[in-house]
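Have a look at the structure below before the remarks.
The numbers here are math on the coordinates, done by the rules we state, and not lab data. Only a predicted model underlies this, so the values are computations on that prediction, with no experimental measurement involved. Using ideal geometry, Cβ is built from the backbone for each residue, glycine included, and neighbour counts are taken over all protein chains shown.
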Ligand SMILES: [Zn+2]
């Protein structure tokens, strides 16, 4: 989805915003701690309430199958309630909860390493599997900011991203401009997407990338209340506009610095085609490919706005 419409506005907002970020984040930290109960408010399963999954060894095979079917139907009913009537929930019952979305197993200090966080918005899409292979070949981790309505159509793609160890954030349900949305609409956009992803992967995403990068003090405060750090970027090759792999590659390479967050869209084949060259050239320059959470040492604050971590980089 093009970031075009609000681009000039975004830049103006960002310029005005930098001074306000600290104040906003202070408010947000206070407000952000009381939300976890409210964010799990999907309707409770109905048919499953009287069934105990632990009783399988005293049930006949037929009874066990009936129990599993009832549990699945209850779960699907619950997800249908989350999604509305238009979306089939058939694929949304998780097999097993996956590992936490954030990759906390690596010991990476981006104050001393040349780190770069590649981020992919608006998907996942038809190019995502190809992109996952490219990243795997390079031993690189990245961060996705998927749209809820896209995930609803392609849950297996999201699972594949998570299973490969990448980080998953939240790019809203349907890509509205949050600065033109009410606080209630923002909450719906963020929580509906987060609940779907949590249902699919077993972990709730916290990082939010506002569509178009459109953010204000009010939006940041609302994201803080929703326990969400706001992740923007400092490197933008305008890949939605320039559908030319060489141009995307060169633009990234000319802008990137240690601590950068790179905005890309893996829904465009031209962008994905540029990724191997980006990975190779950055690796040759000594960069480590990290998730957004890794870039900030897994210490992002709800309601805070993040563009990059360039100022923290101190080469040894
Ligand atoms: Zn977007």
Query raised in the report: So for the pair residue 188, residue 255, with labels modelled 7 Å out along Cα→Cβ, what separation do we get in nm?
Result: 3.2
Report task. Just report the Cα centroid separation between region 258-316 and region 186-239, whole Å. Result -> 17
Query raised in the report: Given N residues in region 211-316, what is Rg(Cα) / (2.2 N^0.38 Å)?
Result: 1.15
Report task. Which order do the peptides 250-257, 164-171, 133-140 take when ranked by the mean count of other beta-carbon atoms within 10 Å per residue, highest first? Result -> 164-171, 250-257, 133-140
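By its C-alpha gyration tensor, with a ≥ b ≥ c as the square roots of the eigenvalues, how is region 239-278 shaped: rounded for a/c under 1.5, else prolate for a/b larger than b/c, else oblate?
Values: a/c = 1.85, a/b = 1.62, b/c = 1.14.
Since a/c reaches 1.5 and a/b is larger than b/c, the shape of region 239-278 is classed as prolate.
For residue 277 and residue 244 in one chain, what is 0.36 nm times their gap in residues minus the Cα-Cα distance, to one decimal in nm?
On the way: separation 33, 0.36 × 33 = 11.88 nm, distance 1.31 nm.
Length difference between fully extended and current span is 10.6 nm.
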